[in-house]
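Participant: My questions all concern the structure below.
The values are calculated or read from the model by the stated rules, or taken from the named source; none is laboratory data. The structure presented is a predicted model; accordingly, all values stated were derived computationally and were not measured. Using ideal geometry, Cβ is built from the backbone for each residue, glycine included, and neighbour counts are taken over all protein chains shown.
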Amino acid sequence: MTDPDVQDHPVSSDSLLKLDNVVKAFTSRRGDVVRAVDRVTLEIREGESLGLVGESGSGKSTTGRLALRLLSPTSGTIYFRGQNAAGFRGADLLAFRRQAQIIFQDPFSSLNPRMRVRQILTEPLVIHGLARGREREEVMGLLDMVGLRPEYADRYPFQFSGGQRQRISIARALALRPRLMIADEPVSSLDVSVQAQIINLMRDLQAQHRMAMLFISHNLAVVRHLCQRTAVMRGGQIVEEGPTEELFRNPQHEYTRLLLDSILTPEPARYRDARTEDGGRRTEDGG
């Protein structure tokens, strides 16, 4: 990659990823133009976790794929470490792919069913020319990192539970030691009993490796547990953004308040009271 310290756009010195007024439009079979992402501006700093929340169809996943250049924007610019990602070609694009990885929602469909776990984890190392001669040790280290036993390396994806398959997906994404992780609804397809395990694993790994993370989810409770900042998306646009705790305590946009009111909690009255104390909406007793 071109010298990563050379910037071609004035962004903050610790900025890792920035979407600047990005639009992604799709044309339907009838010829209608739909803006899945509409003038979105977002910035993720080095080592930071940013939650992107909203209802299904709000444009969250499309935004994540734009950030990774899996999709090209209709207009606007995406910067990675101050450089225009649209200009990455050849070796520069390969270097970008190494530094930015994704964890998909469905771990079963995102893993090759014909490959053993050892092959799945070795493949990115081979593509990027890493750990030559040390592939076995690297695979064992990755399995240990995500809490899987060494003997699992010789099994196929169908031999694992959903939670174990997602751990394999996380290990594959971590194989290249990326600076940025895009996690696209990584626990929504898992049983509730294993969601907390995966969330805690991701939080620990993100802190341990100082990765930046864009965590895409419709589950605000998970985002509050995992992310330092949160952006709320509706109809392809960012309607509110800020520090997670501040946004939860004192939401400014009506849509954010509706999302927060939809959170299931075993103590709803206590949750309402806490929001009221911090300047949020009134409790039912407040009239």
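Participant: Which of the strands (runs of 3 or more DSSP E) found entirely inside the stretch 170-287 contain at least 1 residues meeting this: touching a Ser or Thr at 6+ places or on another chain (Cβ under 6 Å), within 20 Å of Thr62 (Cα to Cα) and at pLDDT below 85? Quick ask: steps written out before the conclusion?
Facilitator: Working: elements: 180-184, 212-217, 229-234, 237-243.
Per the criteria, no element qualifies.
Participant: Also, quick follow-up: Between a residue in the stretch 131-151 that is without any contact (Cβ under 8 Å) to a residue 12 or more places away in the chain and under 20 Å from His209 (Cα atoms) and any residue that is among the hydrophobic types (A, V, I, L, M, F, W, C) and not in a loop (DSSP other than H, G, I, E, B), which pairs come within a Cβ distance under 7 Å, given they are 6 or more apart or on different chains?
Facilitator: Here the result reads Ala131/Leu125, each pair linking the stretch 131-151 to a residue that is among the hydrophobic types (A, V, I, L, M, F, W, C) and not in a loop (DSSP other than H, G, I, E, B).
Participant: Now, a different point. Starting from the stretch 88-109, take each residue that is under 25 Å from Gln159 (Cα atoms) and list its partners that are charged (D, E, K, R), counting only C-beta distances under 6 angstrom and pairs at least six apart or across chains.
Facilitator: That search, which allows pairs on different chains as well, returns Phe104/Asp184; Gln105/Asp184; Gln105/Glu185; Pro107/Arg165; Phe108/Arg165.
Participant: Could you grab me the full set of residues in the stretch 15-45 that are charged (D, E, K, R) and either within 16 Å of the chain's Cα centre (by Cα) or part of a strand (DSSP E or B) (or both)?
Facilitator: Of the residues in the stretch 15-45, the ones charged (D, E, K, R) are 18, 20, 24, 29-30, 32, 35, 38-39, 43, 45.
Within the stretch 15-45, Lys18, Asp20, Lys24, Arg35, Asp38, Arg39, Glu43, Arg45 meet the criteria.
Participant: Same structure again: Taking Val11, is it outside any loop (DSSP other than H, G, I, E, B), at pLDDT below 95 and among the hydrophobic types (A, V, I, L, M, F, W, C)?
Facilitator: Working: outside any loop (DSSP other than H, G, I, E, B): no; at pLDDT below 95: yes; among the hydrophobic types (A, V, I, L, M, F, W, C): yes.
No; evaluated as a whole, the condition is false for this residue.
Participant: Which of the following residues is at pLDDT 95 or above, surrounded by 15 or more Cβ atoms within 10 Å (Cβ to Cβ) and in contact with a helix residue (DSSP H, G or I) (Cβ under 7 Å, 6 or more places away or on another chain): Val37, Val23? Can you show your working first?
Facilitator: On the way: Val23 fails: in contact with a helix residue (DSSP H, G or I) (Cβ under 7 Å, 6 or more places away or on another chain).
Criteria check complete, one pass: Val37.
Participant: Oh, and also: Which one is nearest to the chain's Cα centre (by Cα) among residues in the stretch 125-147 that are within 27 Å of Gln197 (Cα to Cα) and assigned to a loop (DSSP other than H, G, I, E, B)?
Facilitator: Val146
Participant: A further question follows. With the requirement that a residue be at pLDDT 90 or above, assigned to a loop (DSSP other than H, G, I, E, B) and surrounded by fewer than 19 Cβ atoms within 10 Å (Cβ to Cβ), what does the stretch 91-112 give you?
Facilitator: Asn112
Participant: Please enumerate the residues belonging to the stretch 215-229 that are buried (at least 22 other Cβ atoms within 10 Å of the Cβ) and either among the small types (Gly, Ala, Ser) or touching an Asp or Glu at 6+ places or on another chain (Cβ under 7 Å) (or both).
Facilitator: Ile216, Ser217, listed by residue number.
Participant: Please enumerate the residues belonging to the stretch 113-124 that are in a loop (DSSP other than H, G, I, E, B) and not aliphatic (A, V, I, L, M).
Facilitator: Pro113, Arg114, Arg116, listed by residue number.
Participant: Residue pairs, Cβ under 6 Å, 6 or more apart or interchain, first in the stretch 65-76 and surrounded by 20 or more Cβ atoms within 10 Å (Cβ to Cβ), second in a strand (DSSP E or B) and small (Gly, Ala, Ser). List them.
Facilitator: The qualifying pairs are Leu68/Ala100.
Participant: Would you tally the residues in the stretch 101-119 being more than 20 Å from Leu180 (Cα to Cα) and touching a Lys or Arg at 6+ places or on another chain (Cβ under 7 Å)?
Facilitator: Number satisfying all stated conditions: 4.
Participant: Could you list, in sequence order, all residues of the stretch 49-69 that are assigned to a helix (DSSP H, G or I) and in contact with an Asp or Glu (Cβ under 9 Å, 6 or more places away or on another chain)? Spell out the reasoning first.
Facilitator: Our first condition is that a residue be assigned to a helix (DSSP H, G or I); within the stretch 49-69, this holds for 60-67.
Within the stretch 49-69, Lys60, Ser61, Gly64, Arg65 meet the criteria.
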